[in-house]
Amino acid sequence: MDRGEALSIIDSYYNANPELKTLLLKHSESVCRKALEILARPENSGLELDRHLVETGALLHDIGIVKCNAPGILCYGSAPYIAHGVEGAKLLLAYGEAHNTDMEPYARICRRHTGSGLTAADIIAQKLPLPCEDYLPETLEEKLICLADKFFSKSGSMQEKPFDRVRASMAKFGPESLARFDNLCKEFKLSH
């Protein structure tokens, strides 16, 4: 898949809501730039990952917000916002089936980017409205997009958050969430 096809997929689900599409694209482009910036750091030059998948996956990682109920960010669907990754995976898999193309790598990115990843134990402890399973990023591409996403919100100024603020945000969800974030940073040699 190329960038044009990724944007075409977004168009197919968002043309009825141009304001949400604008918000999604602004956020996704920021995440894409951050992921590619992290990847371009000299200390990450030895990493073997698919740069193309990072770019297109970052553009598609939040496609599921259109199915969620978060009026503060122009989302008027019915699913709880925490389910936007699962909903996005469903959209992409349906697109893949209709167009006879493998969308599983993109669906995995959608499912596994929330927070610093979610475990079945997190879902139970926090009573999250998600199927009870692990949603932890596994591939380098999944991990990089998950990490880059933490630096941008879809509300407020949408500017890049400082490292310390991102880390404090992860700490609010408990020591395991913070440890996973710290491990992502360590893997990509990112610090404040």
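The 3J(HN,Hα) values that the Karplus relation (6.51, -1.76, 1.60; θ = phi - 60°) gives for segment 80-88 are, in residue order, x, 4, 4, 8, 4, x, 5, 5, x Hz. Gly and Pro appear as x.
Of all aspartates and glutamates in the structure, the ones whose alpha carbon falls short of 20 Å from that of Lys189, not counting any fewer than 8 places away in one chain, are Glu37, Glu43, Glu48, Asp50, Glu55, Glu138, Glu141, Glu142, Asp149, Glu160, Asp164, Glu176.
Legend: P(r) of the chain from all alpha carbon pair distances, 5 Å bins from 0, whole percents, reading 1, 8, 17, 21, 22, 17, 9, 4, 0.
Note on surface exposure: His27, His52 rank His52, His27 by accessible area, highest first, 1.4 Å probe. Straight-line cross-link partners of Lys67 among the lysines, defined as a Cα under 29 Å from its Cα and at least 8 positions apart when in the same chain: Lys21, Lys26, Lys34, Lys90, Lys127, Lys143, Lys150, Lys154, Lys161, Lys172.
Calculate for the chain the 222 nm mean residue ellipticity that helices alone would give, adding -39,500 (n - 2.57) per DSSP H run of length 4 or more and normalising by residue count, nearest 500 deg cm²/dmol.
Details: 9 runs with 107 residues, N = 192.
The helix contribution divided over the chain gives -17500 deg cm²/dmol.
Each label was represented as a point 7 Å from its Cα along the Cα-to-Cβ direction; for Asn15 and Ala168 these points are 4.4 nm apart.
A cut-off of 5 Å between modelled amide H atoms, ignoring neighbours fewer than 5 places along the same chain, links Ala70 with Cys75, Tyr76, Gly77.
Approximating the spin labels as points 7 Å out from Cα along Cα→Cβ, the Glu187-to-Arg33 distance works out to 2.5 nm.
Taking 7 Å steps out from each Cα toward its Cβ at Lys26 and Ala125 produces label points 3.5 nm apart.
For segment 130-145, the Karplus equation 6.51 cos²θ - 1.76 cosθ + 1.60, evaluated at θ = phi - 60°, returns couplings of 9, x, 7, 7, 7, 10, 9, x, 10, 7, 4, 5, 4, 5, 5, 5 Hz by residue, with Gly and Pro reported as x. Between amide H atoms placed 1.01 Å from N, distances below 5 Å from Leu118 occur with Tyr135, Leu136, all of them 5 or more places distant or on a separate chain. The HN-Hα couplings worked out from phi for segment 29-40 by the Karplus form 6.51 cos²θ - 1.76 cosθ + 1.60 (θ = phi - 60°) are 5, 5, 5, 4, 4, 5, 4, 5, 5, 4, 4, 7 Hz, whole numbers, x standing for Gly and Pro.
If you filter segment 1-66 for GluC sites (Glu not before Pro), then keep DSSP loop positions with at most 14 other Cβ within 10 Å, what is left? Show your work: numbers first, answer last.
Numbers: sites: Glu5, Glu19, Glu29, Glu37, Glu43, Glu48, Glu55; in loops: Glu48.
Passing both the DSSP loop test and the Cβ count: Glu48.
Exposed loop sites here mean trypsin sites (Lys or Arg not before Pro) with a DSSP loop assignment and at most 11 other beta-carbon atoms within 10 Å; the chain contains its longest site-free run at 1-126.
The values are calculated or read from the model by the stated rules, or taken from the named source; none is laboratory data. All values derive from a computational prediction rather than experimental measurement. Quick reminder, even Gly has a Cβ in these numbers, built from the backbone with ideal geometry, and neighbours come from all protein chains shown. For the accessible areas, the whole protein counts, side chains as well, though only heavy atoms, and no ligand, DNA or RNA atoms are used. Shrake-Rupley method; radii C 1.70, N 1.55, O 1.52, S 1.80 Å.
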